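Rule-based calculations on the coordinates, nothing more; no lab input. The structure displayed is predicted, hence computed values, not measured ones. Here the Cβ is made from the backbone with ideal geometry for all residues, glycine too, and neighbour counts use every protein chain on show.
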Amino acid sequence: MRGLLLDHVTRQVDGRPLLDQLQLQVAPGECLALLGPSGCGKTTTLRVVAGLDPLSAGRIVLDGQDISQLDPGQRRVGMVFQSYALYPHMTVAENLTLGPRIRGMPSGEREERLAQILGLLQLEDLRLRRPAQLSGGQRQRVALGRALLRQPRLMLLDEPMSNLDAQLREELRPELRRLLVSGGHPVLYVTHDQQEAVGLADRIAVLDQGRLQQVGEPRELHHNPTNRFVAGFIGRPAINLFPPQGGRQLAVRPEHLHPVEQDGIPTTLMRAEWSGSQQVLWLESPAGLLRMLWPASQPPPTQCLVGWNPEDGLAFEERTGERLQRCEPSWSRDLIRFLEE
Amino acid sequence: MMRLLLLCWSLFPLLWQLRTSFLVGDALVGEGGGSPWTLQNYRLVLEGDPSLGRVLLNSAILGLVTTALTLMLAVPCAYGLHQLKGRWQPAISMGLVGAALFPTVLFFLSLLQLARWFGLANHLLALTLPYAGLSLPLAILLLRAAIHDLPPDLEDAARLDGLNPLQRLRWIVTPLLAPAMASTGLLVFLASWNEYPIALTWLSRSDRLTLPAAMGRIASSSVYAIPYGPYAAATVLGSLPLLLVVLIFQRWIISGLTQGAVKG
Amino acid sequence: MTANLLPLLLMVPALLLLGVVFLWPWAHYSWLSIHASSLLTGLRAIPNGGANWQRLVQDGRFWQDAFQTLRFAGVSVALELGLGLLTALILHRPSKGRGVLRALVLIPWALPGTVMALGWRWILNDPHGPLNALLQALGGGTYPFLASPATTWWFVVLADVWKTTPFVAIILLAGLQSIPRDLEEALRLEGAGVWSIFRRLQLPLLTPYLGLALLFRLAQAFGVFDLIQILTGGGPAGSTESLASYAYLQAIRFLDFGYSATLMLATFLILLTLSLLWLGGMRWSGVRR
């Protein structure tokens with residue numbers, strides 16, 4: 001079987017699990033984003049797959065071969081570090097070819113590969129520069145080039161965009177996506193920025209506290225979160241989480257809230273945040289602050305009753321946070337009635 | 001104002017030596033007429049036995065070889081210490097701190113015994129062994145602190161590039177340690193240039209003396225004799241190379257000292 | 001354990017040399033200290049039980065030297081810390097040419113102790129040194145700086161303070177510069193003056209640096225040798241002799257290796273006690289904070 005398989009991958013340090021029985025599969029040519037808050041285990045996952053950190057249990061299988069016990073240098077994985085980790089004392093060309101040189105690749109072949117990669121990434125003019133003389137975007141390309149020159153069977157990227165400014169980040173996204181997927185190998189991409197994950201990845205795996213919460217296409221995560229954590233983590237502005245009632249908790253996305261004539265939650269406008277095509281209204285209500293989307297062209301009401309279509313509500317079990325399969329329309333009505341009083 | 005005072009305090013004894021070195025003997029004791037200024041003192045120490053030139057050369061060779069040897073031993077050791085896991089690392093580090101603090105003069109008798117056993121006395125370069133040994137604790141601690149400050153991603157990247165630990169030491173760590181090696185090396189060089197008790201006990205042939213040993217020999221001639229002009233000329237000549245080293249490399253030296261402080 | 005194999009291998013050459021230089025002497029001294037090994041025995045080592053230690057306990061010169069060494073170390077290190085702090089504060093103030101000033105101030109520390117001890121011997125010379133010339137010009141007589149058993153040790157302290165204050169100053173300067181500028185500025189915005197900045201901000205944060213400088217200098221001053229050997233030779237009348245110079249004298253002048261080793265072990269034990277006291281002190285001040 002081609003592709004990457006993480007089979008019950010577990011990593012414990014001093015008895016504390018950093019990764020707990022992680023199950024993931026990435027197909028060749030697929031880009032999977034690992035998304036989660038800091039400390040959720042996404043970087044650890046990458047390091048374990050690369051072989052930089054040992055795993056305590058489980059298997060890592062790449063193209064049908066168990067690579068769990070191999071040295072990092074033998075795994076043929078390309079990795080781009082958050083800091084890029086370019087060797088500061090070497091030129092771009094030396095940075096790219098250190099690995100092949102150490103492995104004794106003939107210099108002719110090495111030069112050929114180098115030229116190819118430099119061309120692919122448009123780095124020809126920079127080959128004799130040192131990392132300190134490069135811009136952030138150029139460094140990122142060099143780091144990517146170093147990973148690609150290895151002819152990797154798997155690409156790993158750890159927040160490769162986080163050192164770039166916001167504008168550049170957006171500009172580079174399509175090109176990066178093209179480069180990553182063109183190799184036809186699986187790609188694991190760590191980020192904490194869901195916009196980036198949505199823009200780059202085919203599927204997203206959401207991690208929290210070392211556990212896989214949900215994996216799926218962005219749309220699926222958004223519309224059909226398996227638990228409260230994923231619902232709260234995916235989607236901006238964040239979902240509105242209502243006070244629990246009768247052992248369950250309802251949540252409604254900001255885009256699903258709208259003003260109603262009657263049977264709504266009474267709210268007062270606190271602040272309207274303009275964001276180009278839309279505005280986000282922050283509304284004070286008996287349920288706390290609510291977020292509601294509003295057309296940019298219309299002035300927001302200072303006071304209004306707010307409701308939603310009952311089928312748009314998501315219901316979670318209060319204690320475990322697990323998603324309840326059905327969200328009865330009566331629950332929404334009960335909640336609104338309760339909050340009205 | 002305060003700064004001026006500070007400068008006077010730091011430099012007065014040196015300047016006085018400089019002045020003394022150009023005075024004829026009679027002028028020193030407040031007698032004699034004619035011009036008191038002379039270069040005679042310098043001629044004396046440069047042509048004396050041992051010639052001060054020879055002495056300075058000895059010290060310089062010894063200092064350079066000691067520095068090279070110390071770094072050659074300390075860099076791999078610091079890297080090893082950095083990689084060491086478990087209880088060993090803090091234990092060895094504590095031991096090194098203790099050793100770095102220790103007044104090394106107390107070892108002279110045992111070291112002298114070794115010199116006797118192995119016939120090392122009067123071999124200038126044999127002194128590099130105890131000198132390097134005595135400098136190692138500080139050198140290892142400084143270099144380890146520097147290794148600790150290197151971005152850990154660099155080594156991880158090198159592991160992915162397939163470099164084994166020795167190759168990482170050679171290709172990644174050592175080149176990046178260059179600044180730390182420079183400041184550590186300068187401190188080692190200063191220590192070797194200035195060391196007295198071991199040179200005093202290991203070296204007796206006058207053409208092998210180092211600067212401190214030569215100074216000691218001058219001093220022990222007599223407390224009341226007054227060839228102070230030549231003494232002063234010797235101290236000036238003995239200080240000049242170091243003055244240059246300090247003024248040129250002050251940044252490195254201070255960063256070495258500072259690293260030591262922050263680390264310790 | 002296998003993971004540690006390579007690191008340990010890398011450390012082996014350095015550790016071997018360290019062992020020879022730092023550990024073997026203690027074994028050697030311990031062995032020597034229970035042997036008679038001197039001219040009298042024809043430089044052969046003959047076991048003599050605790051005779052060396054017995055002699056040490058009854059040796060007035062040892063106790064006098066121990067006292068003198070402690071006195072020297074205590075007084076000079078106290079002065080060095082005070083003056084070093086002052087120097088560090090002066091160097092810390094931003095000004096033109098601070099780098100050059102820092103380098104010039106560091107010079108006395110970098111020069112060989114032997115060289116400067118010789119310089120001081122001339123400065124303190126009686127009657128031709130500049131200090132005595134100054135005294136005479138002021139209308140007084142000359143003063144035997146290096147020949148007065150009661151006061152000569154003060155001038156040894158002076159020379160040591162001159163030489164090592166820069167070291168302390170640089171350490172403390174590092175401490176001062178490690179304090180974020182913001183903190184100082186925040187305090188100044190609240191109307192604090194130079195003194196209260198020093199008292200409430202700089203001094204507390206300097207404590208670890210002071211502690212480090214104290215320990216290092218105390219240990220080094222306790223082994224004072226070069227300076228005394230050249231400046232006074234331990235005199236006059238043994239009034240400036242240190243434990244290290246006494247041990248040196250026993251070994252090299254009197255060729256009594258057994259007793260010299262005993263002296264050095266005893267010195268080490270005193271130093272160890274002091275270091276443990278220091279550790280306790282640091283822990284105590286840590287607990288207090």
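All C-alpha pair distances within the protein assembly as shown, sorted into 20 Å bins from zero, spread as 12, 32, 28, 18, 8, 1 percent across the bins. Residues of region A:292-322 with the amide nitrogen closer than 17 Å to a label point 7 Å from the Cα of A:A272, along Cα-to-Cβ, please. Only A:292-306 fall inside the zone, counting backbone N under 17 Å. Once the Cα atoms are used to define both axes, helix A:107-120 deviates from the longest principal axis of chain A by about 30 degrees.
What is the ratio of the Cα radius of gyration of region C:205-250 to 2.2 N^0.38 Å, with N the residue count, to two decimals? It would help to have the intermediate numbers written out before the result.
Values: Rg = 13.8 Å, N = 46, 2.2 N^0.38 = 9.4 Å.
Relative to the rule-of-thumb radius for its length, region C:205-250 sits at 1.47.
Based on Cα contacts under 8 Å between residues 6+ apart, region A:139-281 shows a relative contact order of 12 percent. For the peptide B:162-173, the mean number of other protein chain Cβ atoms found within 10 angstrom of a residue's Cβ is 4.
Are there any helices in chain C, counted as whole DSSP H runs, that stretch 30 Å or more along their axis by Cα and score at least -1.0 on average by Kyte-Doolittle, and if so which? If you can, show how the numbers build up before the last one.
Working: long enough: C:60-92 (46 Å, 0.85); C:152-178 (39 Å, 1.24); C:257-288 (46 Å, 1.18).
Correct list, ordered by number: C:60-92, C:152-178, C:257-288.
Scalar couplings 3J(HN,Hα) for region A:254-266, obtained by applying the Karplus form with A = 6.51, B = -1.76, C = 1.60 to θ = phi - 60°, are x, 6, 8, 7, 7, x, 10, 6, 8, 6, x, 7, x Hz; x denotes Gly and Pro.
Could you give log10 I(q)/I(0) at q = 0.14, 0.18, 0.21, 0.22 Å⁻¹ for region B:59-209, computed by the Debye formula over C-alpha point scatterers of equal weight, without solvent? Per q value, in the given order, log10 I(q)/I(0) is -0.73, -1.04, -1.26, -1.33.
The orientation-averaged shadow of the Cα convex hull for chain B, equal to a quarter of the hull surface, comes to 18.4 nm². Taking Cα centre as origin and charging only the Cβ of basic (Lys, Arg, +1) and acidic (Asp, Glu, -1) residues, the dipole magnitude of chain B rounds to 380 debye. Of the peptides A:257-264, C:227-234, the ranking by mean beta-carbon count within 10 Å, highest at the top, reads C:227-234, A:257-264. Taking other residues whose beta carbon is less than 14 angstrom from the beta carbon of C:N4, and scoring Lys, Arg as +1 and Asp, Glu as -1, yields +2.
Considering only the other residues whose Cβ falls under 13 Å of the Cβ of A:Q279, what net charge follows from Lys and Arg at +1 and Asp and Glu at -1? Overall, the nearby charge balance is 0.
First measure r as the distance between the Cβ atoms of A:L120 and B:F12, then evaluate 1/(1 + (r/R0)^6) with R0 = 51 Å and state the FRET efficiency to the nearest 0.05. List each step's numbers first, then the result.
On the way: r = 67 Å, r/R0 = 1.32.
With R0 = 51 Å, the Cβ-Cβ based efficiency is 0.15.
With a cut-off of 9 Å between beta carbons, the residues surrounding A:V77 carry a summed charge of +4, where Lys and Arg count +1 and Asp and Glu -1.
So how tilted is helix A:92-102 from the main axis of chain A? Cα-based, degrees 0 to 90, rounded to 10. For helix A:92-102, the angle is close to 70 degrees.
Listed highest first by mean packing, meaning other Cβ atoms within 10 Å per residue, what order do C:154-162, B:103-111 come in?
Sorting C:154-162, B:103-111 by mean packing, highest first, produces B:103-111, C:154-162.
Sorting the Cα pairs of region A:194-331 by distance into bins of 5 Å, from 0 upward, gives 2, 10, 18, 21, 19, 15, 11, 4, 1, 0 percent per bin. Restricting attention to the protein assembly as shown, lysine pairs at least eight places apart or on different chains and with alpha-carbon atoms under 26 angstrom apart total 4. Between 0 and 90 degrees, the angle of helix B:88-101 with respect to the longest Cα principal axis of chain B falls at about 10 degrees.
Taking the inverse of the average 1/r across all pairs of different Cα atoms in chain C, what Kirkwood radius in Å do you get? Show your work: numbers first, answer last.
Values: mean 1/r = 0.0451 Å⁻¹.
Its Kirkwood hydrodynamic radius stands at 22.2 Å.
Take every Cα-Cα pair in region A:1-93 and report what % of them are more than 16 Å apart. Don't jump to the answer; show the numbers that get you there.
Working: 2509 of 4278 pairs.
Of the Cα pairs, 59 percent sit more than 16 Å apart.
Under 19 Å from a point 7 Å along the Cα-to-Cβ line of C:L40: which residues of region C:239-257 have their amide N that close? Backbone N within reach: C:247-257.
How long are the semi-axes of the equivalent ellipsoid of chain A, defined as square roots of 5 times the Cα gyration tensor eigenvalues? Whole Å, largest first.
46, 24, 14
Please compute, for peptide C:119-129, the average count of beta-carbon atoms on other protein chains lying within 10 Å of each residue's beta-carbon. Mind dumping the intermediate values first?
Working: counts 13, 3, 4, 11, 6, 0, 6, 1, 2, 6, 4.
Per-residue shielding by partner chains comes out at 5.
Backbone phi angles across region C:234-251, fed through the Karplus curve with coefficients 6.51, -1.76 and 1.60 (θ = phi - 60°), yield HN-Hα couplings of x, x, x, 6, x, 6, 10, 5, 10, 4, 5, 6, 5, 4, 4, 4, 4, 7 Hz in residue order; Gly and Pro are listed as x.
The mean of 1/r over all pairs of different alpha-carbon atoms in region A:278-341, once inverted, gives a Kirkwood hydrodynamic radius of 13.7 Å.
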